[in-house]
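J.: Sharing a structure below in structure tokens format, with a few things to ask.
Just so it is clear, none of the values below were taken in a lab; they were calculated from the coordinates. Given the structure is predicted, the values throughout are model-derived calculations rather than measurements. Here the Cβ positions follow ideal geometry from the backbone for every residue, glycine too, while neighbour counts run over all protein chains shown.
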Amino acid sequence: MTTLKGLFLDELADMHDAENRISKALPKLAQAAASEELKEALLEHLEETKGHIEKVKQVFAAFDEKAKSKECKATVGLLEEGDEIAKENKDEPTVNAAIISACQKVEHYEIASYGTLVEWAKLLDNDEAVSLLKEILEEEKSADEKLSELSEACNQEALSGADENEDEESAGKSKSPVKTGK
Ligand code: ZN
Ligand code: FE
Ligand code: FE
């Protein structure tokens, strides 16, 4: 018989794999981004993602289990799409909007998964697991909100086409890809 605990541990192993894949994909997506702010946000989330890997391991430990990984086919697919859409929009004014759309799909998958894991950990009466999983969930939600904020300027950039002012000068500076006129 499969128990809720077995189901929980399987899903946790899936997210362990997902987080590892995401931590490998984020530097590439940051490199593909043409907005300094977006690059920074993705690299910041990379650091959080490394923390998620550690926290997922701690959740296994909270259940006295060895950390396991199980291929997350959804993340494989979402990241493949991300890679594809970044390539298709390379050097185009749509590149940042495209990357954000792909990243938000990943964040939503993580939010759904950790939301479920939090509820299951509550039912399994493991307070330590609940609080670790909630911490991850909150960071996924704020990463998603940050991307929504950044998407406003990036979507405008995509809408209005090539912006001649977007060049290498902005490298290293935190600057919006679009002139806001303020
Ligand atoms: Zn994560
Ligand atoms: Fe999965
Ligand atoms: Fe994430």
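J.: Filter the range 1-40 for residues that are of a type in the set (D, E, K, R) and closer than 21 Å to L147 by Cα; which is surrounded by the fewest Cβ atoms within 10 Å (Cβ to Cβ)?
T.: K24
J.: Hey, among the residues in the range 93-121 that are away from ligand 3 (no atom under 16 Å from the Cβ) and under 24 Å from S131 (Cα atoms), which one's surrounded by the fewest Cβ atoms within 10 Å (Cβ to Cβ)? Reasoning before the result, please.
T.: Filtering the range 93-121 for residues away from ligand 3 (no atom under 16 Å from the Cβ) gives 93-98, 119-121.
Next, only the ones that are under 24 Å from S131 (Cα atoms) stay: 119-121.
Working: E119: 13, W120: 20, A121: 25.
Among those that are away from ligand 3 (no atom under 16 Å from the Cβ) and under 24 Å from S131 (Cα atoms), it is E119.
J.: Please verify whether the range 71-90 includes one or more residues that are of a type in the set (S, T, Y), within 15 Å of ligand 3 (Cβ to nearest atom) and surrounded by 14 or more Cβ atoms within 10 Å (Cβ to Cβ).
T.: Checking the range 71-90: at least one residue is of a type in the set (S, T, Y), within 15 Å of ligand 3 (Cβ to nearest atom) and surrounded by 14 or more Cβ atoms within 10 Å (Cβ to Cβ).
J.: I'd like the full set of residues that are more than 22 Å from V130 (Cβ to Cβ), of a type in the set (S, T, Y) and near ligand 1 (Cβ under 9 Å from one of its atoms), limited to the range 9-55.
T.: The one that is more than 22 Å from V130 (Cβ to Cβ), of a type in the set (S, T, Y) and near ligand 1 (Cβ under 9 Å from one of its atoms): S23.
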